[in-house]
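Each remark here refers to the structure printed beneath this line.
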Amino acid sequence: MMRAWFLPLLLVLAGSLAATGSALRGSPGLGVVLLLLCVLLGGVHSPLAFPRSVGALEAQRRSAVDGRPVVFWRAGCSYCLRLRMRLGRDSRQVHWVDIWRDPAGAEVVRAANDGNETVPTVLVAGRPHVNPAPEWVRAQITSAPR
């Protein structure tokens, strides 16, 4: 669980150090800008930027009922972040599984990717798709039976 927060905390710490250094050199405005930028980047790369995760077994059960895709992701993954941002509000229509919090989810991803934890891996109708285009995932959401 802590490794999901490592990058965001590192970004905030780096921003704090850069802001302090700028303030001590007589540029407090630059320090505030650097700190805000690092806090923003930390927030984007944190688990807070994603809808609430569920366990892999629960996500697969829900997907079998409602036909919606299951997205396996992890914090700090730029491809996962790209998918999340490009889906926008539609991201709430898929079931998200954080593989760093759910060992069963990590196992599903390793089974689909020859032992590698390559994310995002999207499960649609029981078939895994590795790093699909966000437009394709959106099409799967809209074609899911309601």
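Once you list every other residue whose beta carbon is under 12 Å from the beta carbon of residue 118, what net charge do they have if Lys and Arg are +1 and Asp and Glu are -1?
On the way: positive: 74, 110; negative: 114, 117.
Taking every Cβ under 12 Å from that of residue 118, the sum is 0.
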With springs only between Cα atoms under 10 Å, which of 81, 24, 41 fluctuates most in a Gaussian network model of the chain?
24
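Per residue and in cubic angstrom, what volume does the convex hull of the Cα atoms of the stretch 31-131 have? The partial results should precede the final answer.
Working: hull volume 9.4 nm³, N = 101.
Cα-based convex hull of the stretch 31-131, divided per residue, equals 93 Å³.
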Under 5 Å between amide H atoms, partner at least 5 residues away or on a different chain: which partners does residue 75 have, H built in plane at 1.01 Å?
100
At what distance in angstrom do the alpha carbon centres of the stretch 1-43 and the stretch 106-146 lie from each other?
34
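Contour minus end-to-end for residue 14 and residue 113, with contour as 0.36 nm per residue of separation and end-to-end as the Cα-Cα distance?
Numbers: separation 99, 0.36 × 99 = 35.64 nm, distance 3.42 nm.
My answer for the length gained is 32.2 nm.
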Note, the stretch 91-108: 3J(HN,Hα) by Karplus (6.51, -1.76, 1.60, θ = phi - 60°), whole Hz, Gly/Pro = x, goes 5, 6, 8, 10, 9, 9, 10, 7, 5, 7, 9, 10, x, 5, x, 4, 5, 4
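Can you give the FRET efficiency to the nearest 0.05 for residue 90 and residue 57, using r as the Cβ-Cβ distance and R₀ = 22 Å?
0.40
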Find the relative contact order for the stretch 1-75 and round it to a whole percent, using C-alpha pairs within less than 8 Å whose residues are 6+ positions apart.
33
What is the gain in length, in nm to one decimal, between residue 41 and residue 27 on full extension, counting 0.36 nm per residue of separation less the C-alpha to C-alpha distance?
2.9 nm
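Computed from the coordinates by the stated procedures, all read-outs in this text should not be read as laboratory data. Source: prediction; values computed, not measured. Neighbour counts are summed over all protein chains in view; Cβ atoms, including those assigned to glycine, are modelled from backbone coordinates with ideal geometry.
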